[in-house]
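Q: I'd like to ask some things about the structure below.
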Amino acid sequence: MFFSKLALVTLAFTGISLAVPTSNTLEKRTARTSAPTGCLSVQADTTTSGWYQTVASAVASLSGTADACIFIYSGTYTEQIAIEYGGALTVYGYTTDTGSYKNNAVTITHTISSSAAGSLDASSTLQVKSSNFKMYNINVANGYGSSAQAVALTANGDQQGYYGCKFDGYQDTLYAKSGYQYYSNCYIAGATDYIFGDASAWFGGCTIASKAGGAITASSREVATDTSWFVIDDSTVTADTGVSLSQNVYLGRPWRVLARVIYQNSVLTGVVAPEGYTTMATDATPIYMEYNNSGDGADTSERVDFTATDSAVSKDTLWPAGYAWIDTSY
Ligand SMILES: *[C@@H]1O[C@H](CO)[C@@H](O)[C@H](O)[C@H]1NC(C)=O
């Protein structure tokens with residue numbers, strides 16, 4: 001394998017303890033400023049033979065199903081990227097702090113609305129259509145701004161993990177479309193329905209930052225047998241930098257009738273409207289839960305469309321088929 005390992009499995013024999021690395025946990029370092037061994041390198045102005053000037057050209061060079069990785073050097077990459085790779089793929093961005101989005105030095109940005117592009121997916125700056133995908137320390141933006149749907153990331157595959165990433169848009173920033181997905185230590189900004197879709201997605205240690213009044217989540221769960229759920233855990237719901245909001249952000253509205261979302265162990269600041277949720281799909285019976293939140297917006301006494309619960313949702317519940325694919329160092 002091409003990356004370093006953190007987790008060790010201890011094999012105990014009679015009187016002997018032997019440590020061997022496992023492959024599902026990447027080493028968390030304070031900086032990642034050059035390509036890990038074996039990764040393709042992307043640098044906007046590169047003249048190095050074998051390196052790529054665009055992320056899309058590095059992605060296009062991949063074929064087959066072997067584990068692969070791409071490292072992107074600092075810079076702003078104005079391009080649209082669709083990833084459909086048959087093997088496990090990891091994409092890293094240059095950073096001096098792998099544990100957070102705060103020192104990210106790579107931004108991928110593109111500007112087009114859904115109506116101009118033809119669909120939500122086609123408007124995405126980054127569209128990940130394959131499974132077994134990990135991305136670290138990269139900012140992804142759709143610069144369209146207000147007044148139309150315009151997606152930054154469409155995550156449309158199983159076992160996708162996003163670590164220390166930043167997603168920026170306005171309406172429909174993050175399309176968590178389908179499959180098991182893990183977002184850890186990410187910053188997600190927008191104003192309207194900016195976390196939406198039908199994935200079984202866990203948002204852990206994230207900052208969810210509104211740019212204007214409107215709904216954060218728009219789950220498209222539609223049938224009772226659908227196991228999808230948005231679990232927002234140990235996160236903070238607040239206003240985006242430089243924005244002043246008060247009691248006009250909704251935690252969700254149902255894009256489809258059986259929308260399902262829980263906010264748990266999180267800080268809900270005073271941006272949150274006391275009623276918590278608002279309407280969208282006709283005759284919706286959404287399942288909106290909250291557990292053990294704090295902050296000025298955490299009082300549930302005036303919530304509408306609210307389902308009481310006395311426990312948090314666990315990763316085992318969200319992902320019954322297992323989650324050995326997540327990077328547990330986050
Ligand atoms: C409530 O949330 C806080 C913050 O995440 C956490 O430290 C605490 O353990 C949680 N309490 C319960 C009862 O789950």
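The values are calculated or read from the model by the stated rules, or taken from the named source; none is laboratory data. Remember, predicted model here, so these are calculated numbers, not experimental data. Virtual Cβ from ideal backbone geometry, glycine too; neighbours counted across all protein chains shown. Keep in mind that these areas ignore ligands, DNA and RNA; they rest on the heavy atoms of the full protein, side chains included. Shrake-Rupley method; radii C 1.70, N 1.55, O 1.52, S 1.80 Å.
Q: Tell me whether region 185-204 contains one or more residues that are touching a helix residue (DSSP H, G or I) at 6+ places or on another chain (Cβ under 6 Å), part of a strand (DSSP E or B), within 25 Å of Gly87 (Cβ to Cβ) and more than 16 Å from the ligand (Cβ to nearest atom).
A: For region 185-204, residues touching a helix residue (DSSP H, G or I) at 6+ places or on another chain (Cβ under 6 Å), part of a strand (DSSP E or B), within 25 Å of Gly87 (Cβ to Cβ) and more than 16 Å from the ligand (Cβ to nearest atom): present.
Q: If I ask for residues that are among the small types (Gly, Ala, Ser) and within 11 Å of the ligand (Cβ to nearest atom), which ones from region 296-313 would you list?
A: Correct list: Ala298, Ser311, Ala312.
Q: For Ser146, only one of the following conditions fails: (1) in a strand (DSSP E or B); (2) over 11 Å from the mean Cα position of the chain (by Cα). What is its number?
A: All conditions pass for Ser146, except number (1).
Q: If we scan region 7-16, do we find a residue that is closer than 23 Å to Gly87 by Cβ, at pLDDT 50 or above and open to solvent by less than 50 Å² (accessible area, probe 1.4 Å)?
A: No, because not a single residue in region 7-16 is closer than 23 Å to Gly87 by Cβ, at pLDDT 50 or above and open to solvent by less than 50 Å² (accessible area, probe 1.4 Å).
Q: To continue, here is another question. May I ask you to list the residues in region 59-84 that are over 22 Å from the mean Cα position of the chain (by Cα) and hydrophobic (A, V, I, L, M, F, W, C)? Walk me through how you get there before you give the answer.
A: First, pick out the residues of region 59-84 that are over 22 Å from the mean Cα position of the chain (by Cα): 60-66.
Hits for region 59-84 are Ala60, Leu62, Ala66.
Q: Could you list all residues from region 123-147 that are at pLDDT 95 or above, open to solvent by 40 Å² or more (accessible area, probe 1.4 Å) and not aromatic (Phe, Trp, Tyr)?
A: Residues satisfying the conditions are Lys129, Ser131, Asn132, Lys134, Gly143, Ser146.
Q: Is it true that some residue in region 314-328 is within 16 Å of the ligand (Cβ to nearest atom) and in a loop (DSSP other than H, G, I, E, B)?
A: Looking through region 314-328, at least one residue is within 16 Å of the ligand (Cβ to nearest atom) and in a loop (DSSP other than H, G, I, E, B).
Q: Also: With the condition kept exactly as written, say whether any residue in region 37-55 is within 20 Å of the chain's Cα centre (by Cα), buried (at least 18 other Cβ atoms within 10 Å of the Cβ) and not in a loop (DSSP other than H, G, I, E, B).
A: yes
Q: Residue check: is Asp240 more than 27 Å from Gln159 (Cβ to Cβ) and touching a strand residue (DSSP E or B) at 6+ places or on another chain (Cβ under 9 Å)? Spell out the reasoning first.
A: Working: more than 27 Å from Gln159 (Cβ to Cβ): yes; touching a strand residue (DSSP E or B) at 6+ places or on another chain (Cβ under 9 Å): yes.
Taking the combined requirement at face value, the residue satisfies it.
Q: Specify the residue that is farthest from the ligand (Cβ to nearest atom); the eligible residues are those in region 260-270 that are in contact (Cβ under 8 Å) with a residue 40 or more places away in the chain and open to solvent by 10 Å² or more (accessible area, probe 1.4 Å). Quick ask: steps written out before the conclusion?
A: The initial filter retains those residues of region 260-270 that are in contact (Cβ under 8 Å) with a residue 40 or more places away in the chain, namely 260-262, 264-265.
Retained after the next criterion (residues that are open to solvent by 10 Å² or more (accessible area, probe 1.4 Å)): 260, 265.
Working: Arg260: 20, Asn265: 3 Å.
Only one residue tops the list, namely Arg260.
Q: Give me a count of the residues in region 94-105 that are farther than 16 Å from Pro36 by Cα and not small (Gly, Ala, Ser).
A: The number of residues fulfilling the criteria is 4.
Q: While we're looking at this one, here's another question. Just the residues that are open to solvent by less than 20 Å² (accessible area, probe 1.4 Å) and either modelled with pLDDT under 95 or more than 16 Å from Val91 (Cβ to Cβ) (or both), please, taken from region 149-174.
A: As a first pass, look at region 149-174 and keep what is open to solvent by less than 20 Å² (accessible area, probe 1.4 Å): 150-155, 157, 160-165, 167, 169, 172-174.
Passing the criteria: Ala150, Val151, Gly169, Asp172, Thr173, Leu174.
Q: Would you call Val257 touching a residue at least 60 places away in the same chain (Cβ under 8 Å) and β-branched (Val, Ile, Thr)?
A: It is false that Val257 is touching a residue at least 60 places away in the same chain (Cβ under 8 Å) and β-branched (Val, Ile, Thr).
Q: Another question, then. Confirm whether Tyr182 is without any contact (Cβ under 8 Å) to a residue 40 or more places away in the chain, crowded, with 24+ Cβ neighbours inside 10 Å and closer than 18 Å to Trp319 by Cα.
A: So Tyr182 does not fit the description; no.
Q: Within region 214-257, which residues are within 16 Å of the ligand (Cβ to nearest atom), in a loop (DSSP other than H, G, I, E, B) and of a type outside the set (Gly, Ala, Ser)?
A: Within region 214-257, Asp234 is the sole residue that qualifies.
Q: Which one of these does Gly118 not meet: (1) in contact (Cβ under 8 Å) with a residue 60 or more places away in the chain; (2) on the phi > 0 side of the Ramachandran plot?
A: Failing condition for Gly118: (1).
Q: In region 273-293, what residues are within 22 Å of the chain's Cα centre (by Cα), farther than 16 Å from Asp193 by Cβ and either open to solvent by less than 60 Å² (accessible area, probe 1.4 Å) or more than 16 Å from the ligand (Cβ to nearest atom) (or both)?
A: Listed by number, the residues that qualify are Ile287, Met289, Glu290, Asn293.
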